[in-house]
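Trainee: What follows is a structure written as structure tokens; I'll ask about it next.
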Amino acid sequence: MQSKYFLYIAIAFVMVLMISNTVATKIFHLGPFAFDGGILIFPVSYIFGDILTEVYGYRASRKIIWTGFFAIIIMSVFYFLVQLLPPAPFWQNQRAYEVILGLVPRIVLGSIVGYFAGEFSNSFVLSKLKIFTKGKYLWTRTISSTIVGEAVDTILFLLFAFGGIIPWKDLMLMFVVGYIGKVLIEVAFTPITYYVVRKLKKLENVDIFDYGVNYNPFKIN
């Protein structure tokens, strides 16, 4: 596929994904509710996912989702390897490093599984709805796909990362508050998504409909 902007969007997508997984270690309060720092930027990855699928199609989006998948794994491995290196005698921040960037297997696993299932759910729903709506009503596709994708992502992440550790009542509250927040961010960004999609379609002279596409997430080509 010949494209002027696809590579830049793909890079931005992976960048947002990696940043969100790092800043998620910070927990903050907003009113009576607690959120992780990732809520400020992680929903943007779904906006990029919407743009990729809407403009370039499911197959192109699938490649970028896999790119992000391996990026998370490589990032986590190197965080862990650096954690194992013996700290210099004058460097007193080993404990701080372990707390912020240290590998917590359950959280990493939850993040990877949630991301993989959520992004593919998002891309699949948007792709199918584009065919169903004949390319009209973009807002129905971006919001509906996010509703599904974020639900899958958030549920799987919380179950893998905190299931059996945090009381189920509190876990459910974390899901509801975090999920609603992520969907509202998507809704707020809808006008920007509209602008970027229309601009890209015009500049790239492309608007792919996924007729006859194999939606198997493990089929790369």
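The values are calculated or read from the model by the stated rules, or taken from the named source; none is laboratory data. Not measured: the values here are computed from a predicted model. Counting neighbours? That spans all protein chains shown, and the Cβs are built from the backbone with ideal geometry, glycine included.
Trainee: Restricting to the stretch 189-215, name every residue that is surrounded by fewer than 13 Cβ atoms within 10 Å (Cβ to Cβ) and either among the polar types (S, T, N, Q) or touching a Ser or Thr at 6+ places or on another chain (Cβ under 8 Å) (or both).
Mentor: The answer is 205, 214.
Trainee: Can you pull out every residue in the stretch 162-178 that is exposed (fewer than 10 other Cβ atoms within 10 Å of the Cβ) and either touching a Gly at 6+ places or on another chain (Cβ under 6 Å) or under 15 Å from residue 27 (Cβ atoms) (or both)?
Mentor: Matches in the stretch 162-178: 165 only.
Trainee: Examine the stretch 141-163 for a residue that is over 30 Å from residue 32 (Cα atoms) and at pLDDT 90 or above, and state whether such a residue exists.
Mentor: yes
Trainee: Collect the residues in the stretch 116-143 that are of a type in the set (Lys, Arg) and surrounded by fewer than 17 Cβ atoms within 10 Å (Cβ to Cβ), keeping them in residue-number order.
Mentor: 134, 136
Trainee: When the residues of the stretch 25-41 are filtered to those that are assigned to a strand (DSSP E or B) and not acidic (Asp, Glu), which remaining residue is surrounded by the most Cβ atoms within 10 Å (Cβ to Cβ)?
Mentor: 35
One line per residue, one yes/no per condition, for (1) without any contact (Cβ under 8 Å) to a residue 40 or more places away in the chain; (2) surrounded by 20 or more Cβ atoms within 10 Å (Cβ to Cβ); (3) assigned to a loop (DSSP other than H, G, I, E, B); (4) β-branched (Val, Ile, Thr):
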residue: 43; (1), (2), (3), (4): no, yes, no, no
residue: 48; (1), (2), (3), (4): yes, yes, no, no
residue: 61; (1), (2), (3), (4): no, yes, no, no
residue: 78; (1), (2), (3), (4): yes, no, no, no
residue: 82; (1), (2), (3), (4): yes, no, no, yes
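Trainee: Evaluate the following for residue 195: is it closer than 30 Å to residue 2 by Cα, free of Cβ contacts under 8 Å to residues at least 40 places away in the same chain, in a helix (DSSP H, G or I) and not β-branched (Val, Ile, Thr)?
Mentor: So residue 195 passes the test.
Trainee: Enumerate the pairs (first residue in the stretch 96-114 and farther than 20 Å from residue 154 by Cα; second residue anywhere and at pLDDT below 85 and not in a helix (DSSP H, G or I)) with beta-carbon separation below 8 Å, excluding pairs fewer than 6 apart on the same chain, so at least 6 apart or on different chains.
Mentor: Listed pairs, sorted by first residue: 99/25; 100/25; 101/25.
Trainee: Quick one: residue 22 ticks every box in (1) buried (at least 17 other Cβ atoms within 10 Å of the Cβ); (2) within 19 Å of residue 154 (Cβ to Cβ); (3) at pLDDT 80 or above bar one, so which box is it?
Mentor: All conditions are met except number (1).
Trainee: Which number in (1) within 16 Å of residue 56 (Cα to Cα); (2) surrounded by fewer than 13 Cβ atoms within 10 Å (Cβ to Cβ); (3) without any contact (Cβ under 8 Å) to a residue 60 or more places away in the chain marks the one condition that residue 218 misses?
Mentor: Checking residue 218 against (1) within 16 Å of residue 56 (Cα to Cα); (2) surrounded by fewer than 13 Cβ atoms within 10 Å (Cβ to Cβ); (3) without any contact (Cβ under 8 Å) to a residue 60 or more places away in the chain, the one that fails is (1).
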